[in-house]
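A short write-up of the structure that comes next.
Nothing in this text is a laboratory measurement; each read-out follows from the coordinates by a stated rule. Everything numeric here is computed off the predicted structure, so don't read it as measured data. Here the Cβ is made from the backbone with ideal geometry for all residues, glycine too, and neighbour counts use every protein chain on show.
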Protein chains: 2
Amino acid sequence: MRSSIITATAICLALTSDAQDSVMFRRISDEVLLHSTCYDNLRDLCKNVGHRLSGTPAAAKAVVWGEKTMKQAGADRVWLQAADVPCWYRGKESLALKMEKDFREVPALSLGNSQGTGGKPLEADVVMVYNYEELKAMPDNAVKGKIIFFNYRFRQDFVNSFEGYGDAVNYRWNSPNIASRRGAAGVIIRSMSTGEDDFPHTGSMHYDDSIPKKIPEMAIGNQSANALEYACKRGTVQARMTSECHMKEGLAHSYNVIGEIKGTEVPERIITVGGHLDSWDVGEGAHDDGAGCVQSIEVIRALKAIGYKPRYTIRAVLFMNEENGLMGGRAYADSAIAAKENHIVAIETDAGGFSPRGIGMEMSDARKDRIRQYTHLFLPYNVYDFSHNEGGADISPLQRKMNLPVAGLMPDSQRYFDYHHTANDVFENVNHRELKLGAVTLAQFIYLVCEHGLD
Amino acid sequence: MRSSIITATAICLALTSDAQDSVMFRRISDEVLLHSTCYDNLRDLCKNVGHRLSGTPAAAKAVVWGEKTMKQAGADRVWLQAADVPCWYRGKESLALKMEKDFREVPALSLGNSQGTGGKPLEADVVMVYNYEELKAMPDNAVKGKIIFFNYRFRQDFVNSFEGYGDAVNYRWNSPNIASRRGAAGVIIRSMSTGEDDFPHTGSMHYDDSIPKKIPEMAIGNQSANALEYACKRGTVQARMTSECHMKEGLAHSYNVIGEIKGTEVPERIITVGGHLDSWDVGEGAHDDGAGCVQSIEVIRALKAIGYKPRYTIRAVLFMNEENGLMGGRAYADSAIAAKENHIVAIETDAGGFSPRGIGMEMSDARKDRIRQYTHLFLPYNVYDFSHNEGGADISPLQRKMNLPVAGLMPDSQRYFDYHHTANDVFENVNHRELKLGAVTLAQFIYLVCEHGLD
């Protein structure tokens, strides 16, 4: 008898709590959908700061923007956290292809961190391969001194476009190493792109220490890649790469921007939500990752606006240098360890300002199940997918060094790799409702962890 | 013992069937994502036919386009089905507002089916109300001879934007009747729009037989509505409406376009998939509903391309006149009844070419559950929501007159009412992957019904 009374009481309490959670989920959603400043903030960042590669004056301006905007959102405390960053310089660049009788320029972007041609033209025959296996099978004399066109296609058959990206991205990251070891003079890649357009996509690459020479790497858009493929099949094609890009010596001072709502009961325990403030040096870094920045700030604004008093401290972090160094993420983790901070969970938003579908998690199964028991609360907001392993690059040092549970917002992925790292990643391609709903999901997740913990 | 053998056999068969279904789902997805012509077809429809209001030469051109494209898709049989349609004519139109010292034109669209000002300026003071209750509370002399501005806002707090549309749309459909009965001279409405822009949204309205006078109705975009609201709060505003629009006498001949794959075992049983071929007379009718047309055609193409032999006959129908009469939907139902056709289910796609999230159903609970038991097959394609009651306007006569189970593709709704019925509903605002995934969901649904039936 007694146990059934206890059970009934527990069920009643659970129901009450569930109803309260449901009301709070709605309050968060209404606040963001009706009163959010995140879309206006994104316009401001995109149009008045623009693209903001680490170490540039624009990145410094973005830090000022972040600090101001975080304060306007009503954070209890806002501060800058030092993070020294590498400085890659693009400079002038061009790619001309001789597919018919004359050289003609095509839209192209040097890959980030790469070494250009010193501003002088590098002219050579183009050798097309579809993959690394094809290159491997070629005799040395067919490769030596040539410009290798890695014509690996982004696989459109993956429903989740991040799987297509994961499948293809090594051709951006690693091709100059493979080609340099075979004596090639330069590399052209088909962009990591789902787009049916001609925007080239930049993004980071790296040189192995052991390669004979740092050779240049440029990306072309899908239409130019199709034309080049066609021309290579028909006969000899020559390319002329000219680029000034290089990595500058040493590091530059820069910062993460941090704002927080102080916890009321256990303020020393911290929940982090963040995106990255730097972007590539084309477009406006709207989806990647201006969206994540303004959503993280919106979590602070919305929770303050509805008068929520969180048990734990909630921190929004705008990380610097996600794109080509991760120095901001490292600095945040190092500082947390040095200060012996007590973190509960970190969630990143760096997959574009699209309609949210789920939250990926990298944590114990028990903790995942703890979150999944609240799936029904998320469903009215069209968020249903808690099945993926997902964190984020900026919070990966925290995860690794502190063994911290991490999570990542998972928006619809269909359009992301149309815009990612291109001149087309601009404010106009972000929808205000989709952007806001991402902030809703983040704030709801953080509310849940505040109320119910992860353990 | 025997029963457990039977059970085990049944489970094995179910598993085998499930594995087969899963393979077929993947085959459909790969075929569409890698080889679909639907995006190219949509470009062709949008750019070479353009907008195509019922009864116009463009609508006739769209019928030719539909017949040709359905044949190219490989349908076993393609035919036109007569449907006579009303002809509304827009003509020249303008709306000028005197909010400061001079009249200035703002972007505006007469609502479909409405009667204009005969091309002559109609000038009057503007009276703003936020809703019908406010108008009701006003004395007659405050309304009589005035132009009423119905400033009802599309509710952005609904997560599903179709709920916001359902909530607001009566202000487009019915306001001239309400206002005419109070002696008003004309109506301006805030568009049924989620957009943070100034595109006016057209769409259908109607006149009650009992009203004293058919007064004109025009829609303005959200930015102009904000400006007009502000001006109305500060003082007197005048409006000058000029429009030639009117409903022409009689009906014009037009057609539904129908293509089918003949069933191999029970060809007399029919599954219908369709969208509507007509559009409003602005933009290109890309999302509304060029997307639905090319997706329906793609179902035929993809199922033929993978060599699928359906048990039942599969029909793709491009309905004429969904926007302002539904005469195509009626003709299809009437023909089905006259020919004593044996229909299983009809599914409509008329909610935009966005990333699919679910399939709404209007049918018995037993049938809904029959579909829902296959949810796990749809999940890898990010389709999870089978909870809504949803059919489609074009298939509603079939549903009503034949008591037919119906369904509707439910894509993500966040962007639809930015574009719906505007000059901005153009090809460029449709993403190729999102469009294709909608076709994948439709083909998978139809495959399931072919294999397992609904009963």
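B:Pro212 sits among other residues whose Cβ lies under 14 Å from its own Cβ, and their net charge, with Lys and Arg +1 and Asp and Glu -1, is +2. Normalised by the number of residues in the stretch A:342-455, the average gap of Cα pairs under 8 Å and 6 or more apart makes the relative contact order 42 percent.
By the compact-protein rule of thumb, 2.2 N^0.38 Å, the alpha-carbon radius of gyration of the stretch A:150-240 corresponds to a ratio of 1.11. B:Asn151 sits among other residues whose Cβ lies under 10 Å from its own Cβ, and their net charge, with Lys and Arg +1 and Asp and Glu -1, is 0. Seen against the Cα atoms of chain A and their longest principal axis, helix A:57-72 is set at about 10 degrees. Once you reduce the stretch A:389-421 and the stretch A:137-192 to the center of their Cα atoms, the two points are 25 Å from each other. In terms of distances greater than 32 angstrom between alpha carbons, the cross-link table entries A:Lys68/A:Lys248; A:Lys309/B:Lys136; B:Lys304/B:Lys368; A:Lys68/B:Lys98 yield A:Lys309/B:Lys136; A:Lys68/B:Lys98. Put simply, when B:124-137, B:248-261, A:189-202 are sorted by average Cβ atoms within 10 angstrom per residue, most first, you get A:189-202, B:248-261, B:124-137. In summary, the aspartates and glutamates within cross-link reach of B:Lys61, defined as a Cα separation below 15 angstrom excluding same-chain residues under 8 places away, comprise B:Asp44, B:Asp278, B:Asp281, B:Glu284.
Projected over all directions and averaged, the alpha-carbon convex hull of the stretch B:220-303 occupies 10.3 nm². In terms of the Cα gyration tensor, with a ≥ b ≥ c the square roots of its eigenvalues, is the stretch A:91-244 rounded because a/c is under 1.5, prolate because a/b exceeds b/c, or oblate? Verdict is rounded for the stretch A:91-244. Averaged over the residues of peptide B:430-437, the number of Cβ atoms from other protein chains lying within 10 Å of each residue's Cβ is 5.
Relative protection proxy for B:422-433, B:297-308, from highest mean packing down: B:297-308, B:422-433 (other beta-carbon atoms within 10 angstrom). Divide the volume of the convex hull around the Cα atoms of the protein assembly as shown by the residue count and you get 225 Å³ per residue.
Counting Cβ atoms of other protein chains within 10 Å of each residue's Cβ and taking the mean over peptide B:359-366 gives 0. Once the Cα atoms are used to define both axes, helix A:2-35 deviates from the longest principal axis of chain A by about 50 degrees.
Peptides B:324-334, B:376-386 ordered by packing proxy, namely the average of other Cβ atoms within 10 Å per residue, highest first: B:324-334, B:376-386. Relative contact order of chain B: 21 percent, from C-alpha pairs under 8 Å at least 6 residues apart in sequence. Scanning chain B for the beta carbon that comes closest to the axis linking it by rotation to A yields B:Tyr384, 3, distance in whole angstrom. If you look at the Cα atoms of the stretch A:270-376, you get an Rg and a Dmax of 15.0, 42 Å.
If you line up the long axis of helix A:222-234 against the longest principal axis of chain A, both from Cα atoms, how many degrees apart are they, to the nearest 10? Helix A:222-234 and the main axis of chain A meet at about 30 degrees. When only the Cβ of Lys, Arg, Asp and Glu is charged (+1, +1, -1, -1), the dipole of chain A relative to its Cα centre reaches about 400 debye. The mean number of Cβ atoms from other chains found within 10 Å of a Cβ in peptide B:408-416 is 3, as a whole number. What's the magnitude of the charge dipole for the protein assembly as shown around its Cα centre, counting Lys and Arg as +1 and Asp and Glu as -1 at the beta-carbon? Answer in Debye, nearest 20. Dipole about the Cα centre, nearest 20: 60 debye.
Here the stretch B:246-304 and the stretch A:208-258 have alpha carbon centers that stand 46 Å from each other. Counted by Cβ distance under 13 Å from A:Arg315, the other residues give a net charge of -3, where Lys and Arg count +1 and Asp and Glu count -1.
Each label was represented as a point 7 Å from its Cα along the Cα-to-Cβ direction; for B:Glu249 and A:Glu163 these points are 6.2 nm apart. Shape class of chain A from the alpha-carbon gyration tensor: prolate, with a/c at 1.5 or above and a/b greater than b/c.
Each Cα pair under 8 Å and six or more residues apart adds its sequence gap; the mean of these over the residue count of the stretch A:91-244 is a relative contact order of 39 percent.
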